[in-house]
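Colleague: The structure follows.
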DNA sequence: CTGTATCCTACCTGATACTG
DNA sequence: CAGTATCAGGTAGGATACAG
């Protein structure tokens, strides 16, 4: 229970500074959002994710999935088979994040050319 | 539920692998989204941003702003005064990203407790 | 197939000093 | 005030090798 100590006429700021930072430290890393977005269509195996994301290292996929499972955004189901099969799937909580990820992805796809153009000319 | 015939129609993946990665490498870093979100209310000075974000180092604020300006998400306006005054403001493009940032921030605030709970119990 | 362990590099961080 | 420069220390991420 944090007391809200807002300035009377202060500038409109993200009135948190904590929660957002905290969560952004979790899902704001290089891969988490991409993994969550990739899992939006249903359960996927480790190898499938690795191929789908393409660019992620095995190590980072492992770590990212571990964190997502810890945070309750993804479930891990290991089947006692040979060869081993492990499936990952977004939880209810994770699924609630999917629309935001997709919105971000769409924004990225819609604007990456414009961003690239800006970067290239550098000096207008 | 019927079996999902992923094989036939190809797996449901983010059909890009490039643009999203590219943009996420830009704005998906630790600070960019936070800066953009902080600027949503109007122009702010360097020092204001530094205080508002609280936790960012001067170095990273400088770098992040530089990148955002390069990407065309933020404008930098220096006033030839003494003492110097520099204001940063989101561009049209940057403003189009604000709603997504805020949605993410709201999601973070709404769910960070649940995430924290998951993390803490660790083993269900 | 699904990870884990190790090494190595690049980058972030915080502090400090200095410039315009 | 608004940066730039630099250094020491930590951490994130990639590559590879190896294990269950």
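Colleague: Can you grab the distance from the C-alpha centre of the stretch A:62-86 to the C-alpha centre of the stretch B:21-63, Å, no decimals?
Modeller: Cα centroid to Cα centroid, the span is 33 Å.
Colleague: Provide an ascending nm list, one decimal, of label-point separations from residue B:57 to the equivalent residue in each further copy; define each label point as 7 Å from Cα along Cα→Cβ.
Modeller: Distances to the matching label points in the other copies: 2.1 nm.
Colleague: Can you tell me the convex hull volume per residue for the stretch B:21-124, based on C-alpha atoms, in Å³ to the nearest whole number?
Modeller: 124
Colleague: Using a label point 7 angstrom from Cα along Cα-to-C-beta, what distances in nm, from shortest up, separate residue A:81 from the other copies?
Modeller: Distances to the matching label points in the other copies: 6.8 nm.
Colleague: Shape of the stretch A:36-92 from its Cα gyration tensor (a ≥ b ≥ c, root eigenvalues): rounded if a/c is under 1.5, otherwise prolate when a/b > b/c, or oblate?
Modeller: Since a/c stays below 1.5, the shape of the stretch A:36-92 is classed as rounded.
Colleague: List, shortest first and in nm to one decimal, how far the label point of residue A:95 (7 Å from Cα along Cα→Cβ) is from its counterparts in the other copies.
Modeller: 3.7
Taken together, the values in this text are just the output of simple stated rules run on the coordinates, not laboratory data. Nothing here was measured: the structure is a model prediction, and the numbers come from that model. Don't worry about glycine lacking a Cβ; one is built from the backbone with ideal geometry, like all the others, and counts go over all protein chains shown.
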